[in-house]
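The values are calculated or read from the model by the stated rules, or taken from the named source; none is laboratory data. The structure displayed is predicted, hence computed values, not measured ones. As a convention, Cβ positions derive from the backbone with ideal geometry for all residues, glycine included, and neighbour counts pool all protein chains shown. What goes into the accessible areas is simple: the full protein's heavy atoms, side chains included, and nothing from ligands, DNA or RNA. Shrake-Rupley method; radii C 1.70, N 1.55, O 1.52, S 1.80 Å.
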Amino acid sequence: MQNDLRRKMVEMKNVSKYFGMLKALDDVSLDVYEGEKVVIIGPSGSGKSTLLRSVNKLEEINSGSIIVDGLEINDPKTNINKVREEVGMVFQQFNVFPHKTVLENLTLAQVVVRKRPKKEAEQVAMDLLAKVGITDKAHVYPTKLSGGQQQRVAIARALAMQPKLMLFDEPTSALDPEMIGEVLDVMVKLAREGMTMIVVTHEMGFAREVADRVIFMDFGRILEEGSPEHFFKAPTNERAQQFMRQIL
Amino acid sequence: MAEIKKQKKDQQEGPKKVSIDVGDGAAIPSKEDVGLFTAWRVAFFGAIACIVYLAVFKPDPYVEILKFLPDGIFVTFKVTVLSILFALVIGLFTGLGRISKNKLINGTASLYVEVIRGIPLLVQLFYIYYALSKFVHVPDMASAVIAMAVCYGAYMGEIFRAGIQSIPKGQAEAARSLGMTPTQSMYHVILPQAVKTILPPVGNEFVALLKDSSLVSILAVADLLRRGREYASESFNYFEAYTVIALVYLIITLFLSKLISIMEEKIRAE
């Protein structure tokens, strides 16, 4: 397989995670290669968000191993903050910092974590704001922005750290329909630039446009994986067929 | 998974509980209360009018008493401000301790809060000034400030804890996802947002502490109440002295309450 020649960015092996009695992840294994775009779909409660959040250890797993960019993140010797510097995350609820201006949202971690001089951080920030199309809002507080704009700020904020991997946790689910497009456009642009991306979403149009692989999850397990076309035409798993019928 | 948990939580919460909020300061005037004769106006300007009236029409002994008091007011403010500053520092660390996942730190902070809240302030004052003098002599002013700060630090800790916990979890998750340490996340993201929630109750504590500071007059601290007592025991004008003391405390606490409510309005408007 040609895949085997590429570098693995994420390597999950036999990962399980419980919430009390509930098995959120059930012996999941998944490799994501450098530059690959993986879209995870599945009904709510299927474990897809938990899977994504365990990649940067926002959820701690109960067993298995997760290697991100060559580091076993559940090894106590691994500095998780160093790993997270390289892994950008975008949330469903945006989670922009409301007490900071848009520009400060983008510069904060650059200065505090990456120790960049303020001038340089601001330059990086302004370039990214241009990229996501909200340069004119640099000095505005995020509460004054629409949901779509806030999410674009959140994406730019993650990119300001120059991550090697980006995680998206249902980035458009909390948006009004007319704002979904502007966020997806930014994500497509990012995908075209070669960013490694893992995206939890129901936007099959986005999946078809950029995904190398689509993964269908339910009951905490990966039930099927394949190309976007495969899922549009004929998923073999019955649950996957059902799910595709519902969202299309 | 997150979706499921959230739904369950919503269901469990059911109808909103009515919370009865009884502050221990003077009633804070609300903005809707716009009438000229609000309780606050009547009390505040009434108290001032009383003092002016008494001073003008009965200069003896009221002017004498008023001359006696400024030193005491200064000491009362000194005790209050010093105590609140130390209480804020203690409260910050207690609040952080109370949300710590480290069992030892959490346990220590919780124990401190429980013990201190269970002992009357007056007893704590006696304990530090008189009981501990068996081992170490703490000067009166220091005793007063230590006792007040330790006592109010426990209450302040609960305010900090509630303020920090009022910030949505996603904020810390976003900060941590950017590679910030827990300390950086707390300092740059959580605390600056929590301050808005924390400031108004801290203001109320300030007013409450100012009133409670009258307790230090039983130590040899010459605060407002003690100065009044000194005057009264020399002149035997108990009624006159304590009337003025009460009015002065009332004017100060009403004035501060008003300042706090203005501050609260400003924060809410932002």
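Of all residues being open to solvent by 10 Å² or more (accessible area, probe 1.4 Å) and within 11 Å of chain B (Cβ to nearest Cβ) in the stretch A:34-48, which is modelled with the highest pLDDT? Just the residue, please. Full working, then the answer.
As a first pass, look at the stretch A:34-48 and keep what is open to solvent by 10 Å² or more (accessible area, probe 1.4 Å): A:34-35, A:37, A:43-45.
Subset that is within 11 Å of chain B (Cβ to nearest Cβ): A:43-45.
Details: A:PRO43: 92, A:SER44: 89, A:GLY45: 88.
Selected residue: A:PRO43.
Restricting to the stretch A:58-93, and then to whatever is facing chain B (nearest Cβ under 9 Å) and in a loop (DSSP other than H, G, I, E, B), can you tell me which residue is nearest to A:VAL28 (Cα to Cα)?
Top of the filtered list is A:GLU59.
Are there any helices (runs of 4 or more DSSP H) wholly within the stretch B:1-109 with 1 or more residues that are among the hydroxyl-bearing types (Ser, Thr, Tyr) and at pLDDT 95 or above, and if so which?
On the way: elements: B:2-13, B:39-57, B:59-68, B:70-98.
Passing ranges, in order: B:70-98.
Where residues in the stretch B:196-228 are free of Cβ contacts under 8 Å to residues at least 40 places away in the same chain and surrounded by 19 or more Cβ atoms within 10 Å (Cβ to Cβ), which of them is farthest from B:LEU66 (Cα to Cα)?
Among residues in the stretch B:196-228 that are free of Cβ contacts under 8 Å to residues at least 40 places away in the same chain and surrounded by 19 or more Cβ atoms within 10 Å (Cβ to Cβ), the one farthest from B:LEU66 (Cα to Cα) is B:ILE198.
Checking the conditions here, which among B:LEU111, B:LEU132, B:LEU125, B:LEU104 is over 29 Å from B:MET186 (Cβ atoms), hydrophobic (A, V, I, L, M, F, W, C) and surrounded by fewer than 16 Cβ atoms within 10 Å (Cβ to Cβ)?
Details: B:LEU111 fails: over 29 Å from B:MET186 (Cβ atoms); B:LEU125 fails: surrounded by fewer than 16 Cβ atoms within 10 Å (Cβ to Cβ); B:LEU104 fails: over 29 Å from B:MET186 (Cβ atoms).
Being over 29 Å from B:MET186 (Cβ atoms), hydrophobic (A, V, I, L, M, F, W, C) and surrounded by fewer than 16 Cβ atoms within 10 Å (Cβ to Cβ) holds for just one of B:LEU111, B:LEU132, B:LEU125, B:LEU104, which is B:LEU132.
Exactly one condition in (1) without any contact (Cβ under 8 Å) to a residue 24 or more places away in the chain; (2) surrounded by 15 or more Cβ atoms within 10 Å (Cβ to Cβ) is not met by B:THR76; state its number.
(1) is the only condition that B:THR76 fails.
Among the listed residues A:VAL68, A:VAL111, identify the single one that is at pLDDT 95 or above and open to solvent by less than 50 Å² (accessible area, probe 1.4 Å). Before the answer, list the steps.
Details: A:VAL111 fails: open to solvent by less than 50 Å² (accessible area, probe 1.4 Å).
Result of the check over A:VAL68, A:VAL111: A:VAL68.
Look at A:ALA121 and say whether it is buried (at least 20 other Cβ atoms within 10 Å of the Cβ), in a helix (DSSP H, G or I), on the phi < 0 side of the Ramachandran plot and out of contact with any Gly (no Cβ under 8 Å at 6 or more places or on another chain). Don't jump to the end; show me each part of the working.
On the way: buried (at least 20 other Cβ atoms within 10 Å of the Cβ): yes; in a helix (DSSP H, G or I): yes; on the phi < 0 side of the Ramachandran plot: yes; out of contact with any Gly (no Cβ under 8 Å at 6 or more places or on another chain): yes.
In short, yes.
Going through the stretch A:165-188 one residue at a time, which ones are assigned to a loop (DSSP other than H, G, I, E, B), away from chain B (no Cβ under 11 Å) and crowded, with 16+ Cβ neighbours inside 10 Å?
A:PRO171, A:THR172, A:LEU175
Where in the stretch B:135-248 are there helices (runs of 4 or more DSSP H), lying fully within it, with 3 or more residues that are of a type outside the set (Asp, Glu) and within 14 Å of chain A (Cβ to nearest Cβ)?
Values: elements: B:140-165, B:169-177, B:182-185, B:191-212, B:224-235.
Output list reads B:169-177, B:182-185, B:191-212.
Output the residues belonging to the stretch B:111-132 that are of a type in the set (Ser, Thr, Tyr) and modelled with pLDDT under 95.
We begin by selecting, within the stretch B:111-132, every residue of a type in the set (Ser, Thr, Tyr); these are B:112, B:127, B:129-130.
B:TYR127, B:TYR129, B:TYR130 - these are the residues of the stretch B:111-132 that are of a type in the set (Ser, Thr, Tyr) and modelled with pLDDT under 95.
Give the stretch A:204-238 a look and list any residue that's more than 22 Å from the chain's Cα centre (by Cα) and buried (at least 18 other Cβ atoms within 10 Å of the Cβ), or say none.
Applying the first criterion (more than 22 Å from the chain's Cα centre (by Cα)) to the stretch A:204-238 yields A:230, A:232-238.
Within the stretch A:204-238, just A:PRO235 meets the criteria.
Checking the conditions here, which among A:LYS17, A:LYS23 is buried (at least 22 other Cβ atoms within 10 Å of the Cβ) and within 14 Å of chain B (Cβ to nearest Cβ)? Quick ask: steps written out before the conclusion?
Values: A:LYS23 fails: buried (at least 22 other Cβ atoms within 10 Å of the Cβ).
The unique qualifying residue is A:LYS17.
What are the pairs, 6+ residues apart or on separate chains, where a residue within the stretch A:136-161 that is within 23 Å of A:ARG114 (Cβ to Cβ) has its Cβ under 6 Å from a residue that is assigned to a loop (DSSP other than H, G, I, E, B) and of a type in the set (S, T, N, Q)?
What qualifies is A:HIS139/A:THR101.
Touching a residue at least 12 places away in the same chain (Cβ under 8 Å) and at the interface with another protein chain (Cβ under 8 Å from one of its Cβ atoms): which single residue out of A:ALA109, A:ALA125 fits that description? Outline the logic, then answer.
Working: A:ALA125 fails: at the interface with another protein chain (Cβ under 8 Å from one of its Cβ atoms).
Just one listed residue meets the conditions, A:ALA109.
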